[in-house]
1. When Pro100 is evaluated against the numbered criteria (1) of a type outside the set (Ser, Thr, Tyr); (2) modelled with pLDDT under 95; (3) under 26 Å from Gly14 (Cα atoms), which criterion, by number, is the only one it fails?
2. I need a count of the residues in the range 75-97 that are part of a strand (DSSP E or B), in contact with a Phe, Trp or Tyr (Cβ under 7 Å, 6 or more places away or on another chain) and either modelled with pLDDT under 95 or exposed (fewer than 14 other Cβ atoms within 10 Å of the Cβ) (or both).
3. Given the criterion of a type outside the set (Ser, Thr, Tyr), touching a strand residue (DSSP E or B) at 6+ places or on another chain (Cβ under 9 Å) and touching a residue at least 60 places away in the same chain (Cβ under 8 Å), identify the matching residue among Glu60, Glu84.
Amino acid sequence: MTKTLLAEFTAREGSEAEVARLIREYALKVREEKGNLAFDVYTKSANPRAYWIFEAYRDEAAFKAHLNAPYGAPFNAALIPLIEEDGSVLTFLDPLAARP
């Protein structure tokens, strides 16, 4: 079953350009992962410092491979001091058809 999630975070004031640079570079790497189906980065129209990232992976194994990618930890270490939250807020999603 596809593993789908929404990751959210808000760039601190003054760190907008660096957060945008980091997420663009990271997105290029994630999109090359064998099991990645989508890694779409958005900002809220009403608050461009607020990021929403829609992610989809082929299955649980592909998601675990993503979590263990060598560039993930350095990305998160660089991102955390630049955002308001303690880390990305993850919301896992299920397709409506999967529910009874």
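The values are calculated or read from the model by the stated rules, or taken from the named source; none is laboratory data. Predicted model only: the values in this text are computed from it and were never measured. Cβ sites come from the backbone with ideal geometry, for glycine too, and all protein chains shown count toward neighbours.
1. (3)
2. Residues meeting the conditions: 1.
3. Result: Glu84 is the single residue among Glu60, Glu84 that is of a type outside the set (Ser, Thr, Tyr), touching a strand residue (DSSP E or B) at 6+ places or on another chain (Cβ under 9 Å) and touching a residue at least 60 places away in the same chain (Cβ under 8 Å).
Residue-wise test of (1) over 13 Å from the mean Cα position of the chain (by Cα); (2) charged (D, E, K, R).
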{"site": "Glu55", "(1), (2)": "no, yes"}
{"site": "Glu60", "(1), (2)": "yes, yes"}
{"site": "Gly72", "(1), (2)": "no, no"}
{"site": "Leu79", "(1), (2)": "no, no"}
